[in-house]
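First up is the structure itself, then whatever we jot down about it.
The values are calculated or read from the model by the stated rules, or taken from the named source; none is laboratory data. Quantities reported herein were computed from a predicted structural model and do not represent experimental measurements. Here the Cβ positions follow ideal geometry from the backbone for every residue, glycine too, while neighbour counts run over all protein chains shown.
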Amino acid sequence: MARWNIVLLAALLGLTLAGPASAQWKWRDKAGHTQYSDLPPPPGTPESDILQRPRGGSTAAAPRAPMAAPAPASAASAALPPAARASDPELEARRKKAEQEIADKKKAEEDRIAAARAENCGRAKEALRTLDSGIRMARVNEKGERIVLDDAARAAETKRAQSAVASDCK
C-alpha cells in the first residue's frame, strides 16, 4: 500500500512540474535552431516558425507582445508614448526618483565646487592683502632654507594672487 502512495505522489509531482513547462514558447530561429523560452519570439519571426505557444500550444495567429530590452527607468519611460507612461504609475515613480537622484547629485557637486571656490577666493584675497601691505615675506626652499622674497618674486606672487581672485571670486 505504501508503494502505491509513493507512485501516486510521484505522478502528482510530475504533473505539477509539467504545468509551467507547457507555458513555454517554442520557435525556430533564422539559423533553423529550435528555441524555448517563457518570452515570445523576437519581432519579425514568421508565424510559420512559431511551433508552440503558451496555453494549449495553438499555432493560430494570436497577438504577440514585442520583446523589449531592459533599460533604465528614465530611458524606458522616454521610449514609451505618453499614454503608456501614464498607465504605469510604478514606472513613472521610478523614473521620477532616478531623475531626482541625478538632480540631487548634480546639486551636491555644484555646492562642493562653490564651497571650494569660496575658500580659494578667501585665501587669494588674504594673500593679495598681505602682498600689498609691503611687509617682508619669506619662503622656505626645498633644502629647508628661508629665502626672503625680492621685488620680482613679490610681483610674480601678486600677479598669481590677482589671477586667482579674478577666477574664483565671481
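Odds and ends about this structure:
- Where Lys125 falls short, out of the listed (1) outside any helix (DSSP H, G or I); (2) touching a helix residue (DSSP H, G or I) at 6+ places or on another chain (Cβ under 7 Å): (1)
- Among the residues of region 128-140, those that are in a helix (DSSP H, G or I) and surrounded by 11 or more Cβ atoms within 10 Å (Cβ to Cβ) comprise Leu128, Thr130, Leu131, Asp132.
- Within region 1-32, if we keep just the residues that are within 30 Å of Ser48 (Cβ to Cβ) and polar (S, T, N, Q), the residue that is modelled with the lowest pLDDT turns out to be Ser22.
- Residues that are touching a Lys or Arg at 6+ places or on another chain (Cβ under 9 Å) and of a type in the set (Gly, Ala, Ser) do not occur anywhere in region 108-116.
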